[in-house]
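Novice: Below you will find the structure I want to go over with you.
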Amino acid sequence: MDPTKGFDETVQIIERRKDPLLERWCRINAQRANRPKDLSRDSSLEELARSTEKGCFFCPSNIDSSTPKFPPSLAPEGRIRVGASTVFPNLFPFARHHAVVTLSETHFVPLERMGEEIVGDGLRASLEYARRIHARDPESKYLSVNWNCLPTAAASLMHPHFQVVADVVPTKYVGATLMASRSYFNRNGLSFWTDLCTAEQTGGERFGHRDGTFSWIASFAPLGNNEVVGIADGAPELLALDESGVGDLARGLSKALKVYGRLGVQGLNMAVCSGPLGQATEGFSLHVRLISRPKLKQLYTSDAGFMERLHDEVIVETWPEDVARELRA
């Protein structure tokens, strides 16, 4: 009995959907987007950009003096630069190798203006870092390129930047997906990801488009709002992409960001999930997932970023032993 409609009876449709590969569940109720929120007034992105630009560590006037350097054995110049992108170590890492990749020299770039060249520079810089790391440390073969865009997506700085993670173990999501993809291939003799693209293109409801190496679809059982998934054809891992494939990924991501801009999306999380570098992976395809996050609100930030939302792992900033010490005291 809905008070916003004179207490008339209201019916809402709720769907439970199961992911066909990992068998995880999600629940969809589109009416929830209309629920009231205490932090209702939107904040201006332009205002936030103006207030944070002067002291931004990632802007050209500060980046050389305020960001860490790689050792000379990895990058003789201290940092890796590709076009307008710069790669440097994450000052507060949560993986064996964890780098930041600035996407532009401009402090704030709206999603609809995040063009193919900007995204492409970021991807090529990420891959150059990955190649150097893999040559130096082949055990760190689990690679992902990630993005927390805006504070509502757990970004600590507004300046657009990717985060590249390379480690000796996969994240929970990647590990489970590798195992499930291999199991599907062993049962059916076919790739789940190829079958998924074929089924979605045939059905048409959730198929976006195919562009070169990548097919772009809307996820049947999303990990978040407005989820878009790009699936590579015949490329199991990031370093297997040739220059044409990198261009396809950059172009597809740029188009997806334009769609987000048209939908009014401001913040997002992204994860480009790779199979293990230099290793045959039956049934697995390189893929990218994007989900939208809430609009910028006064006093609202989130501590759930790409690791929590897309890799199914929690990043913690407190030692349990310290908490126990306080409990004992």
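Novice: What are the residues in segment 102-127 that are within 15 Å of Met270 (Cβ to Cβ) and of a type in the set (A, V, I, L, M, F, W, C), if any?
Specialist: The answer is Leu103, Val109, Leu111, Met114, Ile118, Val119, Leu123.
Novice: Any residue that is in contact with a strand residue (DSSP E or B) (Cβ under 8 Å, 6 or more places away or on another chain) and surrounded by 14 or more Cβ atoms within 10 Å (Cβ to Cβ) - is there at least one of those in segment 312-320? If you could, list the steps in order and put the result at the bottom.
Specialist: Of segment 312-320, the ones in contact with a strand residue (DSSP E or B) (Cβ under 8 Å, 6 or more places away or on another chain) are none.
No, segment 312-320 contains no residue that is in contact with a strand residue (DSSP E or B) (Cβ under 8 Å, 6 or more places away or on another chain) and surrounded by 14 or more Cβ atoms within 10 Å (Cβ to Cβ).
Novice: Residue check: is Ser254 hydroxyl-bearing (Ser, Thr, Tyr), out of contact with any Ser or Thr (no Cβ under 8 Å at 6 or more places or on another chain) and either surrounded by fewer than 20 Cβ atoms within 10 Å (Cβ to Cβ) or not in a loop (DSSP other than H, G, I, E, B) (or both)? First the steps, then the outcome.
Specialist: Numbers: hydroxyl-bearing (Ser, Thr, Tyr): yes; out of contact with any Ser or Thr (no Cβ under 8 Å at 6 or more places or on another chain): yes; either surrounded by fewer than 20 Cβ atoms within 10 Å (Cβ to Cβ) or not in a loop (DSSP other than H, G, I, E, B) (or both): yes.
So Ser254 fits the description; yes.
Novice: Go through Gly261, Gly203 for me and flag whichever is surrounded by fewer than 19 Cβ atoms within 10 Å (Cβ to Cβ), modelled with pLDDT under 95 and closer than 30 Å to Phe108 by Cα.
Specialist: On the way: Gly203 fails: closer than 30 Å to Phe108 by Cα.
When all the criteria are applied, what remains is Gly261.
Novice: Now a separate question. Which residues, taken from segment 78-109, are among the aliphatic types (A, V, I, L, M), in a loop (DSSP other than H, G, I, E, B) and either in contact with a Leu (Cβ under 9 Å, 6 or more places away or on another chain) or closer than 18 Å to Ser144 by Cβ (or both)?
Specialist: Matches in segment 78-109: Ala84, Ala95, Leu103, Val109.
Novice: Looking only at residues in segment 309-329 that are more than 18 Å from Val164 (Cβ to Cβ) and among the charged types (D, E, K, R), which one is farthest from the chain's Cα centre (by Cα)? Don't jump to the end; show me each part of the working.
Specialist: Of the residues in segment 309-329, the ones more than 18 Å from Val164 (Cβ to Cβ) are 312, 314, 316-329.
Checking which are among the charged types (D, E, K, R) leaves us with 312, 317, 321-322, 325-326, 328.
Details: Asp312: 12, Glu317: 21, Glu321: 31, Asp322: 31, Arg325: 36, Glu326: 36, Arg328: 40 Å.
Filtering segment 309-329 for residues that are more than 18 Å from Val164 (Cβ to Cβ) and among the charged types (D, E, K, R), the one farthest from the chain's Cα centre (by Cα) comes out as Arg328.
Novice: In segment 16-43, how many residues are at pLDDT 90 or above and either among the charged types (D, E, K, R) or part of a loop (DSSP other than H, G, I, E, B) (or both)? Please lay out each step first, then the result.
Specialist: Pass one, segment 16-43, residues at pLDDT 90 or above: 16-29.
Checking the rest, the ones that are also either among the charged types (D, E, K, R) or part of a loop (DSSP other than H, G, I, E, B) (or both) come to 16-24, 27, 29.
The number of residues fulfilling the criteria is 11.
Novice: Would you mention how many residues in segment 274-288 are surrounded by fewer than 24 Cβ atoms within 10 Å (Cβ to Cβ), part of a loop (DSSP other than H, G, I, E, B) and touching a Gly at 6+ places or on another chain (Cβ under 7 Å)?
Specialist: Final tally of qualifying residues: 1.
Novice: Only one of Ala304, Ala271 is in a loop (DSSP other than H, G, I, E, B) and touching a residue at least 12 places away in the same chain (Cβ under 8 Å); which? Steps first, answer last, please.
Specialist: Numbers: Ala271 fails: in a loop (DSSP other than H, G, I, E, B).
The match here is Ala304.
Novice: Which of the residues spanning segment 9-39 are closer than 30 Å to Met179 by Cβ and loosely packed, with under 11 Cβ neighbours inside 10 Å? I'd like the intermediate steps shown before the answer.
Specialist: Within segment 9-39, the subset closer than 30 Å to Met179 by Cβ is 15-28.
Result: Glu15, Arg16, Glu23, Trp25, Arg27.
Novice: For segment 110-224, list the helices (runs of 4 or more DSSP H) that sit wholly inside it and hold at least 3 residues that are in contact with a His (Cβ under 8 Å, 6 or more places away or on another chain) and touching a residue at least 40 places away in the same chain (Cβ under 8 Å); which are they? If you could, list the steps in order and put the result at the bottom.
Specialist: Details: elements: 116-136, 172-188, 192-203.
The helices (runs of 4 or more DSSP H) meeting that bar are 172-188.
Novice: From the list Ile291, Ile231, exactly one residue is in contact with a helix residue (DSSP H, G or I) (Cβ under 8 Å, 6 or more places away or on another chain), closer than 20 Å to Leu127 by Cα and in a strand (DSSP E or B). Which is it?
Specialist: Details: Ile291 fails: closer than 20 Å to Leu127 by Cα.
It is Ile231.
Novice: Right, another one. Could you count how many residues in segment 64-108 are touching a Ser or Thr at 6+ places or on another chain (Cβ under 7 Å), under 19 Å from Glu139 (Cα atoms) and surrounded by 17 or more Cβ atoms within 10 Å (Cβ to Cβ)?
Specialist: Count: 1.
Novice: Scan segment 80-97 and report the pairs whose first residue is at negative phi and whose second residue is outside any strand (DSSP E or B) and among the basic types (Lys, Arg), with Cβ atoms within less than 7 Å and a gap of 6+ or a chain change.
Specialist: Matching pairs, first to second residue: Val82/Arg124; Thr86/Arg79; Val87/Arg79; Phe88/Lys69; Phe88/Arg79.
The values are calculated or read from the model by the stated rules, or taken from the named source; none is laboratory data. Here the structure is a predicted model, which is why all the values come from computation and not from measurement. When we count neighbours, we look across all protein chains shown, and the Cβ atoms used for this are built from the backbone with ideal geometry, even at glycine.
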